[in-house]
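Chemist: For reference, the structure I am asking about is given below.
Read-outs throughout are calculated quantities, based only on the coordinates presented, and are distinct from any laboratory measurement. All figures in this text were calculated on a predicted structure; none of them were measured in a lab. Cβ coordinates were reconstructed from backbone atoms using ideal geometry, including for glycine residues, and neighbour counts include every protein chain displayed.
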């Protein structure tokens, strides 16, 4: 098995530009999927107040024309990172929600660019939204891990 070097094989891009409150909602930065083999969205939620906060992945032909995914995607959830390091596979869905608990959650969402193209052959951009939690003390930080088609020491930019 070949060694995999995370920064060379995966383009790592902040989706939220750091830690953000989910009060008022969050719009992810958009990334280009043209050189992607697979993409994972990894989100860490700090839920001080219980809320079933939901990530809605969106895709489109450009940054301005985003639409919710229509394909069910695989995703995993650890509903309380203080008690376990286990990610539990959830039922594939078009959106992914935390449990309504005042705990720190870790969520991993798998996006296959082939599914994006199947939704619409012209789509090559990925983003996401989080509807408002209505809780000023609930936060999220999300990162894209984009598996590169052509690994290299300095992967090409994915930011749109």
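Chemist: With N residues in the chain, what two-decimal value do you get for its Cα radius of gyration over 2.2 N^0.38 Å?
Modeler: Relative to the 2.2 N^0.38 Å estimate, the chain comes out at 1.02.
Chemist: Another question about this same structure. In a GNM of the chain with a 10 Å cut-off on Cα contacts, which of 29, 85, 112 has the highest mean-square fluctuation?
Modeler: Maximum fluctuation in the GNM of the chain, among the listed residues, is at 85.
Chemist: In a Gaussian network model over the chain where Cα atoms closer than 10 Å are linked, find which of 137, 53, 103 has the largest mean-square fluctuation.
Modeler: Among 137, 53, 103, the largest mean-square fluctuation in the Gaussian network model of the chain belongs to 137.
Chemist: Going 7 Å from the Cα of residue 131 in the Cα-to-Cβ direction, what parts of segment 47-68 have a backbone nitrogen less than 14 Å from that spot?
Modeler: 51-57, 68
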